[in-house]
Ligand SMILES: O=P(O)(O)OC[C@H]1O[C@H](O[C@H]2O[C@H](CO)[C@@H](O)[C@H](O)[C@H]2O)[C@H](O)[C@@H](O)[C@@H]1O
Ligand SMILES: O=c1ccn([C@@H]2O[C@H](COP(=O)(O)OP(=O)(O)O)[C@@H](O)[C@H]2O)c(=O)[nH]1
């Protein structure tokens with residue numbers, strides 16, 4: 001079988017210690033460990049100058065090839081265009097998007113530099129799989145360097161509707177470079193529909209049969225591949241994690257009370273301030289739960305140099321303080337807000353302990369936490385998932401209590417329903433969600449994408 005070369009901005013090199021929170025790193029680490037191959041991308045570090053030769057780390061069966069970014073590249077490419085322009089735009093936050101030509105130039109520069117550094121490592125029969133919005137121009141850069149291998153791309157975030165994408169000054173070049181891939185994967189049918197809309201109505205392209213698209217002089221396949229988790233591992237881990245000291249402490253401290261859990265990178269797309277306000281509304285509307293139900297929010301800091309991420313941190317501290325001040329008692333606090341990350345193994349024990357998983361992003365590509373919460377439940381006494389309709393996971397997890405995260409009354413009512421839900425209904429909903437989580441496991445996601453990529457004829461689907 002041909003060798004796999006994975007390219008992503010975030011690379012989780014095992015010798016660098018525990019991986020950062022974030023679904024992409026978690027998913028790719030597990031995918032590559034099965035297949036072996038090269039994982040190429042940013043080292044997560046900065047240095048005064050861009051690194052020319054990748055640092056190679058061998059941890060069988062994977063070779064990690066990573067590059068430090070110069071401070072300027074880190075600022076313009078990662079903090080700038082990737083996380084202050086594309087991220088808010090792709091999450092429908094035009095109000096937060098910053099359109100800055102210098103950052104855009106930095107984004108293109110890093111994509112060119114990365115492609116040039118990877119080029120000598122590529123063998124003729126390698127298959128390349130590139131990930132996420134940081135690296136959209138990567139394939140067109142490789143093509144310019146003469147690479148004719150099969151190249152696939154998976155977008156982990158939502159793909160915005162055409163009207164939103166048109167606000168990006170460089171939308172045309174970005175869409176054109178997306179079409180330099182042979183296979184483009186999206187999380188949900190909504191994202192694929194939005195891509196089609198752009199291709200047909202803005203790029204003058206066509207949608208052909210069998211999920212093929214013709215645009216910008218190329219033919220490619222564009223499909224939906226919802227990402228998943230390692231279901232069995234998660235189930236096993238969650239049962240064992242109940243013995244972990246942190247989980248035992250939580251269980252002991254909780255006593256007879258119920259806990260609602262939220263786990264998210266500290267990101268405005270996750271809707272955490274709206275969630276806190278909804279929890280306050282829940283306490284207001286259903287006072288019988290005061291003193292008996294708390295929200296535990298785990299929110300490790302993410303992209304902390306980007307101003308919008310600093311702002312949300314301040315907003316949350318103030319909100320948690322306000323709600324605890326108004327409703328808290330000597331022996332009960334409504335919100336436990338933890339600004340730190342936990343290993344995923346410990347999280348599975350937390351998920352299993354908490355009666356409700358509250359996952360209310362304003363917009364999310366998939367949201368693996370929703371699937372992890374489901375997989376970690378005790379089958380005899382499962383908790384209830386309250387899930388935003390704007391998370392990619394809502395497409396599959398239709399047996400969750402689905403909510404509109406902008407509507408505080410709606411979330412408050414769903415919380416009350418979740419806390420008071422009879423065991424039989426909890427089990428029925430959980431079984432239905434588990435079947436879906438199994439259907440889109442991480443293995444299946446990877447195998448489906450790679451089998452389609454490997455079926456691309458040599459030289460691609462042809463130019464139009
Ligand atoms: O690398 P960071 O800047 O620290 O951010 C972490 C990752 O966040 C985003 O994750 C997305 O991928 C998940 C798995 O497919 C998906 O469930 C989630 O909805 C997405 O937001 C980002 O897209 C990744 O590139 C980052 O590494
Ligand atoms: O303290 C934490 C918080 C999150 N995560 C993991 O980070 C991932 C988050 O992925 P998700 O798709 O929910 O969102 P993203 O952060 O990628 O946008 C999940 O696997 C979580 O278990 C973790 O390991 N520790």
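Results, tabulated for the structure shown:
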read-out	value
Residue list for the range 1-51, restricted to those being buried (at least 21 other Cβ atoms within 10 Å of the Cβ), at pLDDT below 90 and in a loop (DSSP other than H, G, I, E, B)	12, 21
Exclusive hit being within 16 Å of ligand 2 (Cβ to nearest atom) and modelled with pLDDT of 95 or more, set 139, 82	82
Test: residue in the range 377-388 that is within 13 Å of ligand 1 (Cβ to nearest atom) and under 27 Å from residue 409 (Cβ atoms)	yes
Filter pass, residue 45 being in contact with a strand residue (DSSP E or B) (Cβ under 8 Å, 6 or more places away or on another chain) and without any contact (Cβ under 8 Å) to a residue 24 or more places away in the chain	no
Any hit, the range 428-442, residues being modelled with pLDDT of 95 or more, under 22 Å from the mean Cα position of the chain (by Cα) and closer than 21 Å to residue 159 by Cβ	no
Pick from the range 242-272, criterion under 24 Å from residue 419 (Cβ atoms) and within 24 Å of the chain's Cα centre (by Cα), ranking: nearest to ligand 2 (Cβ to nearest atom)	263
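Each row is one residue, and each column tells you yes or no for (1) more than 24 Å from the chain's Cα centre (by Cα); (2) within 17 Å of residue 409 (Cα to Cα).
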| site | (1), (2) |
| --- | --- |
| 274 | no, yes |
| 280 | yes, yes |
| 288 | yes, yes |
| 292 | yes, no |
| 299 | no, no |
| 304 | no, no |
| 308 | no, no |
| 325 | yes, no |
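The values are calculated or read from the model by the stated rules, or taken from the named source; none is laboratory data. None of the values given here were measured: they were computed from a predicted structure. Neighbour counts are summed over all protein chains in view; Cβ atoms, including those assigned to glycine, are modelled from backbone coordinates with ideal geometry.
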